[in-house]
Amino acid sequence: MKKTLLATSLIALALAAPLAQAHQAGDIIVRAGAITVDPHEDSSDIWVGALGTDVAGTKATLDSDTQLGLNFAYMVTDHVGVELLAATPFSHDVGVSGMPGPFAGLNGKLGELKHLPPTLSLVYYPMAATSAFQPYVGAGINYTWFFDTELTSEAEDKGFSGLDLDDSWGFAAQVGMDYMLTDNVMLNAQVRYIDIDTQGSTRFGGREVEVDVDVDPFVYMVGLGYKF
Ligand code: NI
């Protein structure tokens, strides 16, 4: 009799135990992981003041970089959250390609830049709060701050001086998924597109060199999250 009671009680307890709850109104979620910014690097032809013309077929180049990414999210309802993307500063090589004939020596790495792309998004989680799997979509705005821009000494020897990139405001969109490993710890993967458009400028032979760059990167992050 006692055994039956115990068994019944255990079953009742098991049934009453809450399922792992994911993403409820009021939750604060912090995610950290490896984040890669992979620029699309499409640019206008480069304006070379010393030549008085855009040079057809030229381009600005930017390589990709991986840093520590952070997300801070707050669930406004069970399905809607606001999220801030932060990261340690990204560092990219910036260069020139496509300079023809006698100017081909100007092609190659020009310098380096750093940037921070904080992004504030509204995020929608369609699944029920009881689901361990929480895919999401989001949209928001990005501000990209370029800083610590510097030319290589080789570029300075070639006759370049100064390097500057305008900061950018733009639209951002993302898809991602959390998978709850425990009530508080989750796996996360996300991909985001950020519209970053800037004008880069330097000087060559004392005359202005300018290029419009659609950086427009895909941003990939994989990591772990913790729900408070
Ligand atoms: Ni763009």
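When every residue of the stretch 148-170 is checked against the conditions, at least one turns out to be more than 16 Å from the ligand (Cβ to nearest atom), under 19 Å from K114 (Cβ atoms) and among the aromatic types (F, W, Y).
Give the stretch 179-198 a look and list any residue that's farther than 17 Å from V219 by Cβ and part of a strand (DSSP E or B), or say none. If the condition is that a residue be farther than 17 Å from V219 by Cβ and part of a strand (DSSP E or B), then Y179, M180, V185, M186, L187 are the ones that fit. With respect to M75, determine if the residue is touching a residue at least 40 places away in the same chain (Cβ under 8 Å) and out of contact with any Ser or Thr (no Cβ under 7 Å at 6 or more places or on another chain). Yes.
Kindly evaluate F90 against the criterion of being modelled with pLDDT of 95 or more, surrounded by 14 or more Cβ atoms within 10 Å (Cβ to Cβ) and under 23 Å from the mean Cα position of the chain (by Cα). Answer is yes for this residue. Would you check if there is a residue in the stretch 33-42 being at positive phi, in contact with a Ser or Thr (Cβ under 8 Å, 6 or more places away or on another chain) and crowded, with 16+ Cβ neighbours inside 10 Å? Yes, there is a match, as at least one residue in the stretch 33-42 is at positive phi, in contact with a Ser or Thr (Cβ under 8 Å, 6 or more places away or on another chain) and crowded, with 16+ Cβ neighbours inside 10 Å. Assess whether D214 counts as being under 19 Å from V96 (Cβ atoms) and within 14 Å of the ligand (Cβ to nearest atom). Yes. Among the residues of the stretch 190-201, those that are away from the ligand (no atom under 16 Å from the Cβ) and either crowded, with 23+ Cβ neighbours inside 10 Å or within 14 Å of K59 (Cα to Cα) (or both) comprise Q190, S201.
The values are calculated or read from the model by the stated rules, or taken from the named source; none is laboratory data. Computed from a predicted model, the values in this text were never measured in an experiment. Don't worry about glycine lacking a Cβ; one is built from the backbone with ideal geometry, like all the others, and counts go over all protein chains shown.
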